[in-house]
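Student: The structure follows.
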Amino acid sequence: MILFKTTPDIHNHLEKLRTGGSSIGFVPTMGALHAGHLSLVDQSKKNTNITVCSIFVNPTQFNDPQDFARYPVTLDQDLLLLEKAGCDIVFLPSVGEVYPNGTATGEKFDLGYLESILEGKYRPGHFQGVCQVVHRLLEIVRPDTLFLGRKDYQQCMVIKKLVALSGWNIALQFVPTLREPSGLAMSSRNMRLSGEDKEAATAIYRSLLYIKQNLRPGVVIPLVETARQQLINAGFSAIDYVTIADAETLEEIVTWNGKTKTVALVAAFIGGVRLIDNMIVSSE
Ligand code: PAF
């Protein structure tokens, strides 16, 4: 596994590999790696010749400075895990390397309504920050295929839009969410949960399953309300959203026609940690 910290070094190395005919898979991360990230590396290894993983905690996508300050950093362990997973190249840039002209680039990505709903509504500016960093990383790595986790459902849609806007010929693979045996979706943020809160947080998975098992054509509001109540009863202190949406457009569904592919999405706080999760709740 080779580590690069500067843009020209990784760029030149990848250019040589590309010229030699290698396809490049890219897994962007913010570190604090877990089995979910490693499943992205695994997919990349299966589908491309060279797997590049970046570790960069991007300051511009945190709307809450406290959240940025508390984001877990476990670099030594991350590198061991990536080496063991067979990752070929790790990119570990500094803030200055990613944003040579400063973080306020003034660049604005036209994400349309995706930017103002769900995560966009509760984390203003978040998706512009995600696009800013992913755009820059894609420029540097120029992968053939980009691997993203489905746990960040809306992020997958936003990055799909970013790639389309940029006109790049990059294939996207969205990799299914990995869960703990308890059902809790794997997330770097789980590291900040106490044992008790981690147990209680499994209510998100149960509430999504409840929606999936009880979704019927007609008005879905009571179903969503029950799921929301389940989270409160389990000890969640605040809920940003529990919603059922069109799986292709993310537009909220109030009355389900029994046909549209739907996804249920949750964002809620427990023990001061904000967790998100989602599940396709109509038959696929
Ligand atoms: O999903 C993440 O970890 C981040 O949003 C990403 C895509 C690495 C951009 O910083």
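The values are calculated or read from the model by the stated rules, or taken from the named source; none is laboratory data. Just so it is clear, the model here is predicted, and its values are computed rather than measured. We place every Cβ from the backbone using ideal geometry, glycine too, and count neighbours over all the protein chains shown. Heads up: the accessible areas ignore ligands, DNA and RNA and are worked out on the full protein's heavy atoms, side chains in. Shrake-Rupley method; radii C 1.70, N 1.55, O 1.52, S 1.80 Å.
Student: When only the heavy atoms of the protein chains count and the probe is 1.4 Å, how do SER194, SER283, SER187 rank by accessible area, highest first?
Tutor: SER283, SER194, SER187
Student: Another question, if that's okay. By the gyration tensor of its Cα atoms, with a ≥ b ≥ c the square roots of the eigenvalues, what is the shape of the range 151-249: rounded for a/c under 1.5, prolate for a/b over b/c, or oblate?
Tutor: oblate
Student: Give me, ordered by chain and number, the residues 5 or more places off ARG179 or on other chains with an amide H under 5 Å from its own placed amide H.
Tutor: MET186
Student: What is the gain in length, in nm to one decimal, between MET191 and VAL95 on full extension, counting 0.36 nm per residue of separation less the C-alpha to C-alpha distance?
Tutor: Extra length available between MET191 and VAL95 comes to 32.2 nm.
Student: Per residue of the range 32-44, in order, report the coupling 6.51 cos²θ - 1.76 cosθ + 1.60 (Karplus, θ = phi - 60°) as ³J(HN,Hα) in whole Hz, putting x for Gly and Pro.
Tutor: 6, 6, 9, 4, x, 4, 5, 5, 5, 4, 4, 4, 5
Student: Ordered by residue, what ³J(HN,Hα) values in Hz, to whole numbers, does the range 260-273 give under the Karplus form 6.51 cos²θ - 1.76 cosθ + 1.60, where θ = phi - 60° and Gly and Pro are x?
Tutor: 4, 5, 10, 10, 9, 10, 9, 9, 8, 9, 9, x, x, 10
Student: To the nearest 20 debye, what is the magnitude of the charge dipole of the chain about its Cα centre, counting +1 on the Cβ of each Lys and Arg and -1 on the Cβ of each Asp and Glu?
Tutor: Dipole size: approximately 380 debye.
Student: Treating each Cα of the range 92-173 as an identical point scatterer and ignoring solvent, apply the Debye formula and state log10 I(q)/I(0) at q = 0.22 Å⁻¹.
Tutor: -1.16
Student: Given a 10 angstrom Cα cut-off, can you work out which residue in ASN58, ASN47, ASN101 is the most mobile in a GNM of the chain?
Tutor: Result for the chain, Cα springs under 10 Å: ASN101 fluctuates most.
Student: Under the rule of -39500 (n - 2.57) per DSSP H run of 4 or more residues, summed and divided by the residues of the chain, what mean residue ellipticity at 222 nm is obtained, to the nearest 500 deg cm²/dmol?
Tutor: Theoretical 222 nm ellipticity from helices: -12000 deg cm²/dmol.
Student: Using modelled backbone amide H atoms (1.01 Å from N, in-plane), which distant-in-sequence or interchain residues come within less than 5 Å of LEU3's amide H?
Tutor: VAL90
Student: Starting at the first residue of the range 133-150, write each ³J(HN,Hα) from the Karplus equation 6.51 cos²θ - 1.76 cosθ + 1.60 with θ = phi - 60°, in whole Hz, x for Gly and Pro.
Tutor: 6, 5, 4, 5, 5, 5, 4, 6, 7, 6, x, 7, 9, 10, 10, 10, x, 5
Student: Taking a quarter of the surface of the Cα convex hull of the chain, what do you get in nm²?
Tutor: In nm², the orientation-averaged hull projection of the chain is 14.8.
Student: Pick out, from LEU82, VAL52, MET157, the residue whose Cα sits farthest towards the positive end of the charge dipole of the range 47-183, with +1 on the Cβ of Lys and Arg and -1 on the Cβ of Asp and Glu.
Tutor: The residue sitting farthest along the positive end of the dipole is MET157.
Student: Go ahead and collect, in residue order, the members of the range 121-154 whose backbone nitrogen is under 20 Å from a label point 7 Å along the Cα-Cβ direction of ALA171.
Tutor: Residues 138-139, 141-150 qualify, since their backbone N sits under 20 Å from the label point.
Student: Related question: When the chain is modelled as a GNM with alpha-carbon springs shorter than 10 Å, which of PRO217, PRO93, PRO28 fluctuates the most?
Tutor: The residue with the greatest mean-square fluctuation here is PRO217.
Student: Hey, how much of the P(r) for the range 24-107 falls beyond 16 Å, as a percent of Cα pairs?
Tutor: Of all Cα-Cα distances in the range 24-107, 56 percent exceed 16 Å.
Student: If you don't mind, another one. Could you put MET30, MET191 in order of accessible surface area, largest first, with the 1.4 Å probe and the full protein assembly present?
Tutor: Final ranking, largest accessible area leading: MET191, MET30.
Student: Hey, another quick one. Ignoring ligands, DNA and RNA, how do LYS198, LYS5 rank by accessible area with a 1.4 Å probe, largest first?
Tutor: Correct descending sequence by accessible area is LYS5, LYS198.
Student: Further question: Please list the three semi-axes, largest first and in whole Å, of the ellipsoid equivalent to the range 196-281, using sqrt of 5 times the eigenvalues of its alpha carbon gyration tensor.
Tutor: After diagonalising the Cα gyration tensor, the semi-axes are 23, 12, 10 Å.
Student: Once amide H atoms are placed 1.01 Å from N in the peptide plane, what residues at a sequence separation of 5 or more from MET30, or on another chain, have their amide H within under 5 Å of its amide H?
Tutor: Those qualifying (amide H under 5 Å, at least 5 residues apart or on another chain) are PHE56.
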